[in-house]
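Notes for the one structure printed next.
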Amino acid sequence: MMSFRWEAGPKPVDGIWAPWWYKSVHISTGFQQSKKYPVPFPFSLYELLEQSLPLYNSLRRHVKQTSSLIKSSLPPPDLPVPANEKLLAWVGDEILPRESAKVSVFDSVVQGGDSVWEGLRVYSGKIFKLDEHLDRLFDSAKALAFINVPTREEVTSGMSPAFNLYGCTLIVLPEWKPPVYDNTHGITLVTATTRRNSPNNLDSKIHHNNLLNNILAKIEGNNANADDAIMLDKDGYVSETNATNIFLVKKGHILTPHADYCLPGITRATVMDLVVKEQLVLVERRISLSEFHTADEVWMTGTMGELTPVVKIDGRIIGTGQVGPVTLRVQNAYKKLTEESGVPIPTYHRT
Ligand SMILES: Cc1ncc(COP(=O)(O)O)c(C=O)c1O
């Protein structure tokens, strides 16, 4: 008599239902399908991998750039200012060329967005309003309970929320900025449906990186072919734009919203001082949208954009539709201040 050995378990000839059959109907066979794991990474080689990866990545980048077969589908974008191609960035405790300036994927900013920031501006080798920017940076870090915040003197690295085991990373990006807005002819705004955060959910006094509602407002502005978007507070009063603070002029009075919902901008504070010095009447209060629609002049303020005239809001021409005399006067006063003040950068050489 001949005997055959028939091993338990599915065979290719059994068809796709075999695993189910063996596991349920024919459970008495005791068949367990073997689990397939990928080949485990040999941890004895971890250090070697760590050392060789930078070289491997740099070769890979080079091949990607030179080979037509494996060219990246997205070419690196042209920089708005080519001079920024060769900049050095401060990341953590190192100065690195642009290409190598990276944040770890384990940094809590990647998942939680818990970071604070400042945009500083340099005029002729002098940092404008440095103390004011550092004050806001330290206040924002304190409000978010960052620990190991460096002192003002050592501003190097260190700001870290308690759960970020890797500590925090101070990043300094010294970039040339092209003009943000047309400050000579003015710009147009539309009102976004996306509201500015209230202190109920995220206090606008913290200069944080959670800018999604501002980005949504900006998308609304882009879709309406406007330069930027006005954001209202929860009650429908004007708060600011997606990226700047906002002022209006009516019958010689200068009005700006309280900083309850808007960022207390450093340019806003500077301009408020200038307005008073220019002996103009300044009023800080709730302002409705129709007051902006019917204003004589409107301007926005920000470190990068400086003073930007607004000539149209939601299709309404503001004043004469030209840059107004009060706007010009405050623009000039601001320009003068940037020329006269600032903290000199010791290593600055005029090119
Ligand atoms: C939402 C928002 N409003 C206003 C401003 C202007 O602030 P500052 O004058 O301090 O640059 C900024 C700049 O960061 C901003 O992001």
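What follows draws every value from the coordinates through simple rules; no lab data is involved. Predicted model, so just to flag it, every value in this text is computed and none were measured. For neighbour counting, all protein chains shown are included, and Cβ atoms are generated from backbone atoms with ideal geometry for every residue, glycine included.
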Point to revise | Partner aspartates and glutamates for K251 [C-alpha distance under 16 Å; skip if fewer than 8 residues away on the same chain] | key: E278, E284, E291, D296, E297
**Study point:** Peptide ranges 208-216, 292-300 listed from the most packed, as the mean C-beta count within 10 angstrom indicates
**Key:** 292-300, 208-216
Check your understanding: Where a ≥ b ≥ c are the square roots of the eigenvalues of the C-alpha gyration tensor, would you call the range 83-178 rounded, which needs a/c under 1.5, or, failing that, prolate if a/b is larger than b/c, or oblate?
Key -> oblate
Review point. Highest mean first, what order results for 194-204, 112-122, 170-180 on Cβ atoms within 10 Å?
Key: 112-122, 194-204, 170-180
Practice item. Grab the eigenvalues of the alpha-carbon gyration tensor for the range 187-340, scale each by 5, take roots, and send me the semi-axes largest first in whole angstrom. Key: 23, 18, 14
Practice item. Report the relative contact order of the range 187-340, percent, no decimals, based on alpha-carbon pairs under 8 angstrom and at least 6 residues apart. Key: 23 percent
**Study point:** Ordering of 181-192, 87-98 by packing [mean C-beta count within 10 Å, highest first]
**Key:** 181-192, 87-98
